[in-house]
Amino acid sequence: MRSNELSSLAGVTTRTLRHYHQIGVLDEPPRSANGYRQYDVHDLIRVLRIRQLAALGVSLDRMPSLLEDATADAPEMLEQLDTELTTEIERLCSRRTLVAQLRAQPMSPDLPLELAPLLAAVMGQSSSNIERMDRDQTVLLAHLADRDGMASLTALYERLSHPELLPSLIESTSAFSRLGEHTTDDELDTLVTHFVDTFATVIEAHSDISASLDSRGATGLFDEYTATTLNATQRRALVATVERLEAREPRGAN
């Protein structure tokens, strides 16, 4: 039989047959005078065995030995497959739990689950540009933070989403989104002062996040991001806010 006949009987494609030849799990048969490969029933049986092993999750590189002696290392192979399947099931169950949590709340699926509730809470309260910036920076923060930094970052986001602080955060975010060329210096200063007075203590309580991020060059990345996302007035406000926070006396200082 030709390759198209074999592939049809075995339920694979001719491209799959060529792949089996290339990796050495199926020997190439002799060719007829007109150049076509000529397969027989033994080739069909071998392809069916390959398909069965593949369906179990056996990698192609392990198949040659099993195809020659199916009982040689079957117990060890099946034990390994069982372990791999158990791990995969646990991973899928964990992923399904995350999906259920995302479905239960209006959270963007491209955000780390621990940080998404805060962004969901402030959604629709400022310009789309600022909302996109908050989302993008959250993704970047979560990626750059180490394990301890991520734990602290999660705690910070949970604190900011608390009913005690959330209204002030929404107010500040909304005001920040309106900053532009017509904003006066007094208006800018009022916004910065309000933000620092309201959130400085909370930010300082999670200052270890900065150490986690600095080791991975976060400052340069965030500088590049804000330079291409914010308008000039918003960048001024951001710089002024950082300067005010850094100028504060450390907690407990006399």
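If you take the beta carbon distance between D197 and T86 as r and set R0 to 45 Å, what does 1/(1 + (r/R0)^6) give as a FRET efficiency, to the nearest 0.05?
Efficiency at R0 = 45 Å is approximately 0.25.
Size of the range 148-214: Rg and Dmax of its alpha carbons, in Å, are 13.8, 42.
Taking only the alpha-carbon atoms of the chain, what semi-axes of the equivalent ellipsoid follow from 5 times the gyration tensor eigenvalues under a square root, in whole Å, largest first?
After scaling each eigenvalue by five and taking roots: 61, 21, 17 Å.
Summing +1 for each Lys or Arg and -1 for each Asp or Glu among the other residues whose beta-carbon sits under 12 angstrom from that of A151 gives -4.
The mean sequence distance of close C-alpha pairs (under 8 Å, at least 6 residues apart), as a share of the length of the chain, puts its relative contact order at 13 percent. Of the peptides 218-231, 40-53, the ranking by mean beta-carbon count within 10 Å, highest at the top, reads 40-53, 218-231. Based on C-alpha pairs under 8 angstrom that are at least 6 apart in sequence, the range 35-119 has a relative contact order of 15 percent. To test your reading of the geometry: what angle, between 0 and 90 degrees and rounded to tens, separates the Cα axis of helix 232-247 from the longest principal axis of the chain? With both axes taken from Cα atoms, the answer is about 80 degrees. Note on R96 and L67: the model spin-label points, each 7 Å out from Cα along the C-beta direction, lie 3.5 nm apart. Convex hull volume of the Cα atoms of the range 110-247, normalised per residue: 107 Å³.
None of the figures in this text is laboratory data; all of them are computed from the coordinates on show. These numbers were taken from a predicted model, which means no experiment stands behind them. So basically every Cβ, Gly included, is an ideal-geometry build from the backbone, and we count neighbours across all protein chains shown.
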